[in-house]
Amino acid sequence: MKLTIFALLFSTSLFAKEIKVMTYNLGLAHTFVSYADERLPKLAQALAKADADVMCLQEVWDKKDRKVIAKAVEDNFNDVYLTKIKNQKSKHAPTCKIGDLFGEGKFVSCMNTQCKGLDGDEFTDCIIDKCGGSLRALKASNRECATSLMAQVGKNPILSMLRLLNPLKKSTLFAYKGSNGLMLLSKLPLKNKELVDFSDISTLNRRQALKAQVETEGKTVDVLCTHLTSDLETTVPYTGVFETWGQENLAQIERLKSKTQNAEHLILMGDMNCSVQSATYAGELEENCLKLGQNLDDVLPQFAKECTFCGSNTLNGPEVNDTQIDHVYVRGLIPVSAKVAMTEKVTISPKEGEVQTHLSDHFAIEAILSLP
């Protein structure tokens, strides 16, 4: 009798309700991550076949890319949560005055005289080493000008200057037209949808989190999908409300923690841009990651000590440090399994001819979670 009861209990726990989740940064940052146009249809095909109940996507910045992804997955995912793309503008017009940017010790003049003719890493190093002081001075005197200037990255420089100096129109403060790049897809109905906003503590890109609830087996699970600020200290001067990119990332983490502290069953996933060092990958904003992981289970490291942003990825290159900056955190659920996914290469056909490439500059995380 005891054995029968034990077997019944074991069987019940073995077949407890499971939820499959996936987080994936698609790297659809046109002009910054190579082959975004060519990779998009391949990504759409892969996502249409994804075996997940809930999926968090990041870096789907453009409206047209969102439509392609949404169309591809419509037969597989019943509910898609995304927010309207809308930029935030400076408080005043013009956002910058000529004296803010041009003249002795001013940032644009420094850039034109000290860094002219350079490109790539040499240009970036020059900006940071020789013109960083000018940008810090601009931040101190007119932070919105400095912030809007950095948000013009990747755009035509002449048109960008005209936008910043236009006395009749306020300039925008975020890249990608203010898009947060997030999509939350679910086979289960998404209830109580809510936007967790970090716009007031975001620089360059608008940072937010998509929050919703799913119900299964009579239990409510809070699900959040986000993409936090990256540590760009060595590549882009910081112009935000804090002193560093890392401090901004931490402020977003603290807001996330506050927003989720009362959730009994929680799934928090996305590109957190922080990594806790292991024997096989490097740390990044490690203290921030440790704070984020307090009272939560970081699922992937329990099953795989593998990078998700890797030098072996064809879209990155060997100079990139291997890190595990993508995460699935849970509370009140039991991690059953987790793995790095979307690691295959595909063939694309850009102008230069056929190329073998990974689908994104990130790899995905797939995890199976059990409700107790």
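If you filter region 216-258 down to residues that are surrounded by fewer than 17 Cβ atoms within 10 Å (Cβ to Cβ) and in contact with a Lys or Arg (Cβ under 7 Å, 6 or more places away or on another chain), you find that the one that is nearest to D79 (Cα to Cα) is T216. S199 satisfies every condition listed in (1) over 30 Å from A44 (Cβ atoms); (2) within 21 Å of the chain's Cα centre (by Cα); (3) surrounded by fewer than 20 Cβ atoms within 10 Å (Cβ to Cβ) except (1).
From the list T147, T113, the lone residue that is surrounded by fewer than 15 Cβ atoms within 10 Å (Cβ to Cβ), of a type in the set (S, T, Y) and either under 24 Å from L28 (Cβ atoms) or at pLDDT 90 or above (or both) is T113.
Could you tell me whether T235 is at pLDDT below 95, part of a loop (DSSP other than H, G, I, E, B), at negative phi and polar (S, T, N, Q)?
yes
When E59, E74, E122 are checked against the criterion of being free of Cβ contacts under 8 Å to residues at least 60 places away in the same chain, under 24 Å from T239 (Cα atoms) and out of contact with any Cys (no Cβ under 7 Å at 6 or more places or on another chain), E122 stands alone in meeting it.
Do we have any residue at all in region 83-96 that's closer than 28 Å to T308 by Cα, at pLDDT 95 or above, hydrophobic (A, V, I, L, M, F, W, C) and touching a strand residue (DSSP E or B) at 6+ places or on another chain (Cβ under 6 Å)?
Taking region 83-96 first, the residues closer than 28 Å to T308 by Cα are 83, 85.
Applying the additional criterion that residues be at pLDDT 95 or above yields 83, 85.
So of that shortlist, the ones also hydrophobic (A, V, I, L, M, F, W, C) come out as 85.
Those left that are additionally touching a strand residue (DSSP E or B) at 6+ places or on another chain (Cβ under 6 Å): none.
For region 83-96, residues closer than 28 Å to T308 by Cα, at pLDDT 95 or above, hydrophobic (A, V, I, L, M, F, W, C) and touching a strand residue (DSSP E or B) at 6+ places or on another chain (Cβ under 6 Å): absent.
Taking each residue of region 141-165 that is in contact (Cβ under 8 Å) with a residue 40 or more places away in the chain and looking for partners that are of a type in the set (G, A, S) and in a helix (DSSP H, G or I) with beta-carbon atoms closer than 7 Å, six or more apart or interchain, yields L164/S148. Quick check, is F77 touching a helix residue (DSSP H, G or I) at 6+ places or on another chain (Cβ under 8 Å) and buried (at least 20 other Cβ atoms within 10 Å of the Cβ)? For F77, the condition - touching a helix residue (DSSP H, G or I) at 6+ places or on another chain (Cβ under 8 Å) and buried (at least 20 other Cβ atoms within 10 Å of the Cβ) - is not met. Looking at region 281-356, the strands (runs of 3 or more DSSP E) lying wholly inside it that each contain 1 or more residues that are free of Cβ contacts under 8 Å to residues at least 24 places away in the same chain and more than 29 Å from S258 (Cβ to Cβ) sit at 345-348. Residues of region 207-223 that are under 12 Å from L266 (Cα atoms) and among the aliphatic types (A, V, I, L, M): A212, V214, V221, V223.
The values are calculated or read from the model by the stated rules, or taken from the named source; none is laboratory data. For clarity, every value in this text was computed on a predicted model and none was experimentally measured. All Cβ positions, even for glycine, are placed from backbone atoms using ideal geometry, and neighbour counts span all protein chains on display.
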